[in-house]
């Protein structure tokens, strides 16, 4: 029984899972919307929201914290300069997950995750 075991595993080991979520977070920061499976979108939501919360306070310390998590200079710059200033007065809820229906190849449920305007 998996009582009190939070988080999805995606059939990957912890290092692969962390890399997957990091790359998806970079993609949503760069493109501001990503189509992926519903489970990955829901799991990624928490990762991206924490990054935006850190980026709302633009300081060298927070930039280094974000860089330690995603390790992508262009994404970090866009997060601090473009995305985070939109949400300075907003206490959370920066992303939206919209269900799109089944994927054509294998029937996996797809979802669109995007930043709320």
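Every read-out reported here was derived from the displayed coordinates using simple, explicitly stated rules and does not represent laboratory data. Bear in mind the structure is a predicted one, so any value in this text is a computation, not a measurement.
Rounded to the nearest 10 degrees, the angle from helix 38-55 to the longest Cα principal axis of the chain is 10 degrees.
Here the extension length gained between residue 5 and residue 90 equals 27.6 nm, from 0.36 nm per residue of separation less the Cα-Cα distance. Calculation over all alpha carbon pairs of the chain in 5 angstrom steps from 0 returns a P(r) of 2, 11, 21, 22, 20, 13, 8, 3, 1 percent.
Our helix-only sum for the chain, with -39,500 (n - 2.57) per DSSP H run of n ≥ 4 divided by its residues, gives a mean residue ellipticity at 222 nm of -14500 deg cm²/dmol.
Quick one: helix 14-31 against the long Cα principal axis of the chain, what's the angle to the nearest 10°, folded into 0 to 90? Helix 14-31 sits at roughly 60 degrees to that axis.
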